[in-house]
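Engineer: This structure is in C-alpha cells; I'll ask about it shortly.
The values are calculated or read from the model by the stated rules, or taken from the named source; none is laboratory data. Everything quoted here is computed from the prediction, not taken from an experiment. FYI the Cβ positions are ideal-geometry reconstructions off the backbone, even for glycines, and counts take in every protein chain you see.
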C-alpha cells in the first residue's frame, strides 16, 4: 500500500530507535503513510501496524489520539487556523469567518473541487506572528483577509510555495 | 542591559542556523573546553547549580539539581531528552531557537549528555513545526559530519547519538512523562510519579529531560562560568530569559532580557499598547498561569520569585497582554476551550471538568448564565485542582478562578444583563 520511497523513509525512522522498540516509529510511519495517501483509511492504519509488527489496536490508538492524523479525506490544502488566545486577540475569528465566506464551506468541510479544507486548531506555538495558520509543511503568519485572498488565488493557480 | 545575548545571540546573522556561522561566533567552544580541558561531569553540574538556571519549559526547577539526580553506574542506556513540544498558548520561543540557533541547543545537549553519562538522546519536536524540524535535522547532520556527535566525540572516548522525534499534535505531550509515552509510540498520557524519570524514564531507563531554551543556555554557562550567568539575573533567578510578548501589543516578539527586568520595560520593547488602549490584564507565563490585573502588573519584575509573590507564575515566560477592547469572559471562555480540547482523558476530574468549565463559561458569554454559575465555576475548579496525575487541569482552572477574582463585574454583567459589559460601555460611549 506504500511506495518504495515511503517504505524507505519509514525504515530510516525505524533505525532511530533500539531494535526492540519498533513501536517508537509508529507516529512517524502513520505520518508518512498519510502523506502518501492524503488521509488514513482503516486498511492503511492496519497495514502500518503490520509493517512494524504491532497489534492493529496500537496503531488505531495513536491515529485517533493525535490531532494531525486525518481519518477522513481532506482537501489538497488544509487551512489549519489557530484559534487559541493570542491569535484570538488578534482576530482569528474574523479570519475564519472570511475563509468560510470566501470558500463557501464551514469549519471542518472541504470545497467541492477537493482543493480546500478549513479547520480551526489549538495553539500552533507561533503566537508572536498571530493570527497564524499551518498549511502543509509551513506556517503562514500575520494573516489578513487580503493576504488570504491572494493566497487562495495563488493556490488555485497551482502554486503552493507562497508564504 | 544584556539583551538577546545568550540563546538568541546569533538570530540576526545570515545563516545563523549553519554550523560554520555558529563556530565563527565561538560555537562548540564550550564542548571543547569540557572534553579537552577537561572538565569532570561533577564540575559541570556544580557550575550549572551555581548559575541558578531554572527550567525554561515552565516549571522552573533548578537545572543543576535535576542533572545531579541522574544515577551513576547503572546498567543499560541512560537517555537525554529535549522537550520541544512547545504548545502552551502564548509560548513561541523554542521555535525561534530551533530556527535560528539549532547548534546552541545541540551543543547544550552534548554537554548535558557528557555530564550525566547519557549515551542516546532525542529532541521531541511538535509535529506542526515542520520547518524547525528540518532545520534541526540538518544541524544534527552537520554535527555528525564534524565529529561532534556519534562515536568518540572529538577523539575522546565519549559517544552520544541524537535524533529528532516528531510529535503528531497533542499539547499534553509537553508533559514530560506523556512525552516519553509518545516517544515510545503510544498515546501521550502522563505517567503517575514517582517513579521519576531519573530512575524510570524512556523505555524504563534513567532519563533526564529539559526544555530547548534550558539546553541552549548551557554552552555559555560552561564557557563563562555559573557565576557569570547568575549575575546576568538575580539570586535564585539566574541569567537571561526569553519572554514571548503577544496579544494586544504593537510589536509582538521574543525578547531575551535579564531575569528581574521590569514588566514595564518589557512592554515597551514590544511597542506598548495600541493607541488609546488601557492595559486590562496580563497572563505572565502562558495560559496555565493566573491572570494579573494590568495596574499590578506594571509594578512587577519579570522573574520566578516576583511573579510567584504576586500570585501567578513565570511559566515559560509567555506574556499575554490583554487591553480594554475585549471582554474577559470571552477571553477565558476561549482559554477554557483549549484545555477541554487538550485533556488526554485519563483522569476523570480533568476529562469531565475541563468540558464543564467551558460549557458554563460558554453559556455565561452567550447571555444564558444563571446567578449560581459563578459559585459553580469556583466549586468545580476547587474539585479539580490537585486531583489529577499531571498539571494540565490545574492550568485550566487558574485562568478561570483568577479572572473571577479580578473581574467579577464583567461576569455579573453577562449574567444579569445577558450582554457584555465591554460592548455595552462602548455603545454608550
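Engineer: What about residue A:95, is it out of contact with any helix residue (DSSP H, G or I) (no Cβ under 6 Å at 6 or more places or on another chain) and closer than 30 Å to residue B:250 by Cα?
Structural biologist: Criteria met by residue A:95.
Engineer: Here's another thing I want to ask about it. So residue B:121 ticks every box in (1) in a strand (DSSP E or B); (2) more than 13 Å from chain A (Cβ to nearest Cβ) but one. Which box is left unticked?
Structural biologist: (2)
Engineer: Does residue A:71 satisfy being under 18 Å from residue B:334 (Cβ atoms), more than 9 Å from chain B (Cβ to nearest Cβ) and surrounded by fewer than 19 Cβ atoms within 10 Å (Cβ to Cβ)?
Structural biologist: no
Engineer: Something else: Tally the residues that are touching a residue at least 24 places away in the same chain (Cβ under 8 Å) and more than 14 Å from the chain's Cα centre (by Cα), restricting the search to the range A:49-66.
Structural biologist: 7
Engineer: Just to be sure I understand, how many residues within the range B:126-152 are at the interface with chain A (Cβ under 10 Å from one of its Cβ atoms) and crowded, with 21+ Cβ neighbours inside 10 Å?
Structural biologist: Here the count works out to 6.
Engineer: Would you call residue A:88 crowded, with 21+ Cβ neighbours inside 10 Å, farther than 30 Å from residue B:140 by Cβ and at the interface with another protein chain (Cβ under 9 Å from one of its Cβ atoms)?
Structural biologist: yes
Residue-wise test of (1) within 11 Å of chain A (Cβ to nearest Cβ); (2) within 23 Å of residue A:122 (Cβ to Cβ); (3) out of contact with any helix residue (DSSP H, G or I) (no Cβ under 9 Å at 6 or more places or on another chain); (4) not in a loop (DSSP other than H, G, I, E, B).
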position	(1), (2), (3), (4)
B:154	no, no, no, yes
B:158	no, no, no, no
B:164	yes, yes, no, yes
B:173	yes, yes, no, yes
B:178	yes, yes, no, yes
B:182	yes, yes, no, yes
B:187	yes, yes, no, no
B:192	no, no, no, no
B:198	no, no, no, no
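Engineer: Turning to a different aspect of this structure: Report, by residue number, each residue of the range A:123-155 that is part of a helix (DSSP H, G or I) and farther than 22 Å from residue B:270 by Cα.
Structural biologist: Result: A:145, A:146, A:147, A:148, A:149, A:150, A:151, A:152, A:153, A:154, A:155.
Engineer: Those residues that are assigned to a loop (DSSP other than H, G, I, E, B) and either free of Cβ contacts under 8 Å to residues at least 24 places away in the same chain or within 14 Å of another protein chain (Cβ to nearest Cβ) (or both), I need them from the range B:60-90; list them, please.
Structural biologist: Answer for the range B:60-90, where residues must be assigned to a loop (DSSP other than H, G, I, E, B) and either free of Cβ contacts under 8 Å to residues at least 24 places away in the same chain or within 14 Å of another protein chain (Cβ to nearest Cβ) (or both): B:61, B:73, B:75, B:76, B:77, B:78, B:85, B:86, B:87, B:88, B:89, B:90.
Engineer: Another question about this same structure. Identify, from the list B:16, B:40, the residue that is buried (at least 16 other Cβ atoms within 10 Å of the Cβ) and farther than 30 Å from residue B:288 by Cβ. Steps first, please.
Structural biologist: Numbers: B:40 fails: buried (at least 16 other Cβ atoms within 10 Å of the Cβ).
Step by step, each of B:16, B:40 is checked, and only B:16 is buried (at least 16 other Cβ atoms within 10 Å of the Cβ) and farther than 30 Å from residue B:288 by Cβ.
Engineer: So, one more: Out of (1) touching a strand residue (DSSP E or B) at 6+ places or on another chain (Cβ under 7 Å); (2) under 30 Å from residue B:417 (Cα atoms); (3) part of a helix (DSSP H, G or I), what's the single condition that is false for residue B:329?
Structural biologist: (1)
Engineer: Which of the following residues is at pLDDT 95 or above and more than 13 Å from every other protein chain (Cβ to nearest Cβ): A:4, A:13, A:20, A:9?
Structural biologist: A:4
Engineer: Just wondering, is there one or more residues in the range A:141-152 that are crowded, with 21+ Cβ neighbours inside 10 Å, within 28 Å of residue B:316 (Cα to Cα) and at the interface with chain B (Cβ under 9 Å from one of its Cβ atoms)?
Structural biologist: no
Engineer: Every residue in the range B:128-151 that is assigned to a loop (DSSP other than H, G, I, E, B), in contact with a helix residue (DSSP H, G or I) (Cβ under 9 Å, 6 or more places away or on another chain) and under 30 Å from residue A:81 (Cα atoms), please.
Structural biologist: B:129
Engineer: Does residue A:120 count as surrounded by fewer than 17 Cβ atoms within 10 Å (Cβ to Cβ) and either at pLDDT 95 or above or closer than 20 Å to residue B:135 by Cα (or both)?
Structural biologist: Judged against the criteria, residue A:120 is not a match.
Engineer: Next question, about the same structure. For the range B:91-105, how many residues meet the condition of being more than 17 Å from the chain's Cα centre (by Cα) and either surrounded by fewer than 24 Cβ atoms within 10 Å (Cβ to Cβ) or within 12 Å of chain A (Cβ to nearest Cβ) (or both)?
Structural biologist: The qualifying residues number 1.
Engineer: Another question about this same structure. So which residues in the range B:335-389 are within 14 Å of chain A (Cβ to nearest Cβ), buried (at least 16 other Cβ atoms within 10 Å of the Cβ) and part of a loop (DSSP other than H, G, I, E, B)?
Structural biologist: Of everything in the range B:335-389, those that are within 14 Å of chain A (Cβ to nearest Cβ), buried (at least 16 other Cβ atoms within 10 Å of the Cβ) and part of a loop (DSSP other than H, G, I, E, B) turn out to be B:343, B:344, B:346.
Engineer: For residue B:392, indicate whether it is buried (at least 22 other Cβ atoms within 10 Å of the Cβ) and under 23 Å from residue B:414 (Cβ atoms).
Structural biologist: It is false that residue B:392 is buried (at least 22 other Cβ atoms within 10 Å of the Cβ) and under 23 Å from residue B:414 (Cβ atoms).
Engineer: Can you name the condition, by its number, that residue A:126 falls short on among (1) over 15 Å from the mean Cα position of the chain (by Cα); (2) within 14 Å of another protein chain (Cβ to nearest Cβ); (3) surrounded by fewer than 17 Cβ atoms within 10 Å (Cβ to Cβ)?
Structural biologist: Condition not satisfied by residue A:126: (3).
Engineer: Within the range A:96-120, track down each residue that is within 30 Å of residue B:285 (Cβ to Cβ) and either part of a helix (DSSP H, G or I) or within 8 Å of chain B (Cβ to nearest Cβ) (or both).
Structural biologist: The one that is within 30 Å of residue B:285 (Cβ to Cβ) and either part of a helix (DSSP H, G or I) or within 8 Å of chain B (Cβ to nearest Cβ) (or both): A:96.
Engineer: Turning to a different aspect of this structure: Among the residues of the range B:1-14, write down those that are in contact with a helix residue (DSSP H, G or I) (Cβ under 9 Å, 6 or more places away or on another chain) and over 18 Å from residue B:148 (Cβ atoms).
Structural biologist: Here is the first cut: in the range B:1-14, the ones in contact with a helix residue (DSSP H, G or I) (Cβ under 9 Å, 6 or more places away or on another chain) are B:1-3, B:5-14.
Scanning the range B:1-14 gives B:1, B:2, B:3, B:5, B:6, B:7, B:8, B:9, B:11, B:12, B:13, B:14.
Engineer: Is it the case that residue B:108 is more than 14 Å from chain A (Cβ to nearest Cβ) and closer than 25 Å to residue B:28 by Cβ? Spell out the reasoning first.
Structural biologist: Numbers: more than 14 Å from chain A (Cβ to nearest Cβ): yes; closer than 25 Å to residue B:28 by Cβ: yes.
The answer is yes for residue B:108.
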